[in-house]
Amino acid sequence: QVQLVESGGGLVQAGGSLRLSCAASGRTFSSYAMGWFRQAPGKEREFVATISWSGGSTTYADSVKGRFTISRDNAKNTVYLQMNSLKPEDTAVYYCAARRTEGRAVAATRYDYWGQGTQVTVSS
């Protein structure tokens with residue numbers, strides 16, 4: 001069992017930056033691929049970014065490519081999402097997710113564990 005706790009959300013003006021963190025419990029964190037998803041009001045949950053167990057491979061949604069960076073520190077059992085050049089359309093609840101395998105995935109159904117989410121609000 002893995003527990004995930006997100007932090008770092010908040011209110012920021014358009015063009016600003018935030019860094020989200022996701023702290024994971026358990027001794028097998030380094031063997032899990034991790035992902036970030038988001039859900040805006042009235043919309044379905046959508047993929048944002050994913051990272052392999054080693055951190056050597058990443059994939060991004062087109063909407064955030066070049067602005068967001070996913071990274072991980074396996075020694076700290078933590079995955080990060082650095083968000084720059086934020087836009088109002090980035091406003092959503094951001095969720096961290098883990099899957100019991102090394103490889104990345106963009107489908108939410110491929111993930112086994114989820115955090116409770118952290119709110120990100122970008123004002124125009």
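The values are calculated or read from the model by the stated rules, or taken from the named source; none is laboratory data. Worth saying up front: this structure is predicted, and the values here are computed from it rather than measured. In this analysis, Cβ positions are derived from the backbone assuming ideal geometry, glycine residues included, and neighbour counts consider all displayed protein chains. These area figures cover heavy atoms from the full protein model, side chains too; ligands, DNA and RNA do not enter into them. Shrake-Rupley method; radii C 1.70, N 1.55, O 1.52, S 1.80 Å.
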Centroid-to-centroid separation of the range 69-124 and the range 1-48 [C-alpha atoms, Å]: 3
Sum of side-chain charges, residue 21 neighbourhood, beta-carbon under 12 Å (Lys, Arg +1; Asp, Glu -1): +1
1.4 Å probe accessible area per residue over the range 39-124, in Å²: 52
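What is the Rg over Rh value, at two decimals, for the chain, using alpha-carbon atoms and the Kirkwood definition of Rh?
On the way: Rg = 13.3 Å, Rh = 14.1 Å.
So for the chain, dividing Rg by the Kirkwood Rh gives 0.94.
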In Å, descending, principal axis extents of the Cα set of the range 11-60: 36, 24, 22
The chain: relative contact order in percent, alpha carbon pairs under 8 Å with at least 6 residues between: 36
19 Å cut-off, amide nitrogen to a point 7 angstrom out along residue 58 Cα→Cβ, residues in the range 20-36: 20-24, 30-36
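Take the solvent-accessible surface of the protein heavy atoms, probe 1.4 Å, and return the percent of it on the chain that carbon and sulfur atoms account for. Before the final figure, lay out each step's value.
On the way: 2810 of 6300 Å².
C and S fraction of accessible area: 45 percent.
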Chain lengthening between residue 74 and residue 43 when straightened (0.36 nm per residue, less Cα-Cα): 7.9 nm
In the range 25-112, the GluC sites (Glu not before Pro) that fall in loop regions by DSSP, at most 11 other Cβ within 10 Å: 44
